[in-house]
1. Would you confirm whether any residue within region 102-109 is at pLDDT 95 or above and in contact with a helix residue (DSSP H, G or I) (Cβ under 9 Å, 6 or more places away or on another chain)?
2. Across region 3-17, which residue is surrounded by the fewest Cβ atoms within 10 Å (Cβ to Cβ) among those that are modelled with pLDDT of 95 or more and of a type in the set (Gly, Ala, Ser)?
3. Report the residue count in region 115-126 for those that are surrounded by fewer than 18 Cβ atoms within 10 Å (Cβ to Cβ) and out of contact with any helix residue (DSSP H, G or I) (no Cβ under 7 Å at 6 or more places or on another chain).
4. Output the residues belonging to region 130-143 that are surrounded by 13 or more Cβ atoms within 10 Å (Cβ to Cβ) and either free of Cβ contacts under 8 Å to residues at least 12 places away in the same chain or polar (S, T, N, Q) (or both).
5. Among the residues of region 215-228, how many are in contact with a strand residue (DSSP E or B) (Cβ under 9 Å, 6 or more places away or on another chain) and modelled with pLDDT of 95 or more?
6. Just a yes or no: is a residue in region 170-180 modelled with pLDDT of 95 or more, of a type in the set (Gly, Ala, Ser) and either in contact with a strand residue (DSSP E or B) (Cβ under 9 Å, 6 or more places away or on another chain) or closer than 21 Å to Gly91 by Cα (or both)?
7. State whether one or more residues within region 15-35 are among the hydroxyl-bearing types (Ser, Thr, Tyr), over 18 Å from Ala228 (Cα atoms) and either more than 15 Å from the chain's Cα centre (by Cα) or in a loop (DSSP other than H, G, I, E, B) (or both).
Amino acid sequence: MRLLSLVHGSDVRSELFGDVVRADGHELDERSVVNDPSHALASVDGYDAVFVFGGQMNVDEEEAHPWLRDENELIRTLLARDVPLFGVCLGGQLLAKAAGAHVGPSPESESGFVRVELTDEADGDPLFGSLPREFDVFSMHEYAFNVPEGAVELARSSVCSQAFRVGDCAWGIQFHPEVRVEQIAEWVRQGARPDGAAIVAELRERIDEWQAFGAALCRAFLTAAERAGTPVSVPDTVERL
């Protein structure tokens, strides 16, 4: 398969997911929405599936980041065309917004490992249906999404929704299954977090199990994307850039 990865900064890239995609014999093209939005969002013709990863910006910061409007329109088009899509953190929030849900400040920020629980509706889901009823995820966010109308909520923490599915082949998650230890160390350094050392230390201790989880989740998405069919041609969506 040929996959597209939309990223929003030099330290929020495809990371582990990119390794898994290429190791399994697929092609991955990575485009920076921040550095070159005209190219990143202009066309997704011929791709079998799309990843949308995280970023430091929030979905409601269109004045500072006008390309957010165009990315929203692109995701809406992908949904309309049933192109398999996987949104991570900001990417999940963008998917929720494109599907009509509210996205805004979380009741509480979540940093480090947090416990989540599957919903009853997760039974049979191609990505979440085989997971334990409860498990820990690595999160780092201050915004959160509501579940779009008509979508299926798959997992929740005590604070907010953590995963949902729109239709048969689009998933949004609030946590980060793709990250590396060095990447998170840079995030907490940039944010000057007082708890940063503890967050990095726990991730370092648990990184093997966490990356095994992330690789399995990524492969489950790849399997779902393969079952979804042939590449879909999507017309250019960016005219304002």
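1. yes
2. At the first step, the residues of region 3-17 found to be modelled with pLDDT of 95 or more are 3-8, 14-17.
Right, trim to of a type in the set (Gly, Ala, Ser) and you get 5, 14.
On the way: Ser5: 25, Ser14: 21.
Across region 3-17, the extreme among qualifying residues is Ser14.
3. Of the residues in region 115-126, the ones surrounded by fewer than 18 Cβ atoms within 10 Å (Cβ to Cβ) are 115, 117, 120-121, 123-124, 126.
Of the ones still in play, those that are also out of contact with any helix residue (DSSP H, G or I) (no Cβ under 7 Å at 6 or more places or on another chain) are 115, 117, 120-121, 123-124.
Count: 6.
4. If the condition is that a residue be surrounded by 13 or more Cβ atoms within 10 Å (Cβ to Cβ) and either free of Cβ contacts under 8 Å to residues at least 12 places away in the same chain or polar (S, T, N, Q) (or both), then Ser139 is the only one that fits.
5. Filtering region 215-228 for residues in contact with a strand residue (DSSP E or B) (Cβ under 9 Å, 6 or more places away or on another chain) gives 217-218, 221-222, 224-226, 228.
Narrowing the set further to residues that are modelled with pLDDT of 95 or more leaves 217-218, 221-222, 224-226.
Going through region 215-228 one residue at a time, the tally reaches 7.
6. Taking region 170-180 first, the residues modelled with pLDDT of 95 or more are 170-180.
Next cut, of a type in the set (Gly, Ala, Ser) only: 170, 172.
Subsequent filtering for residues that are either in contact with a strand residue (DSSP E or B) (Cβ under 9 Å, 6 or more places away or on another chain) or closer than 21 Å to Gly91 by Cα (or both) retains 170, 172.
Yes, there is a match, as at least one residue in region 170-180 is modelled with pLDDT of 95 or more, of a type in the set (Gly, Ala, Ser) and either in contact with a strand residue (DSSP E or B) (Cβ under 9 Å, 6 or more places away or on another chain) or closer than 21 Å to Gly91 by Cα (or both).
7. no
Conditions (1) in contact (Cβ under 8 Å) with a residue 24 or more places away in the chain; (2) surrounded by fewer than 22 Cβ atoms within 10 Å (Cβ to Cβ); (3) under 24 Å from Ala215 (Cβ atoms), marked per residue:
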site: Phe145; (1), (2), (3): yes, no, no
site: Ser157; (1), (2), (3): yes, yes, yes
site: Asp168; (1), (2), (3): yes, yes, yes
site: Arg180; (1), (2), (3): yes, yes, yes
site: Ala185; (1), (2), (3): no, yes, yes
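The values are calculated or read from the model by the stated rules, or taken from the named source; none is laboratory data. Please read all numbers here as calculations on a predicted model, not as lab measurements. Cβ coordinates were reconstructed from backbone atoms using ideal geometry, including for glycine residues, and neighbour counts include every protein chain displayed.
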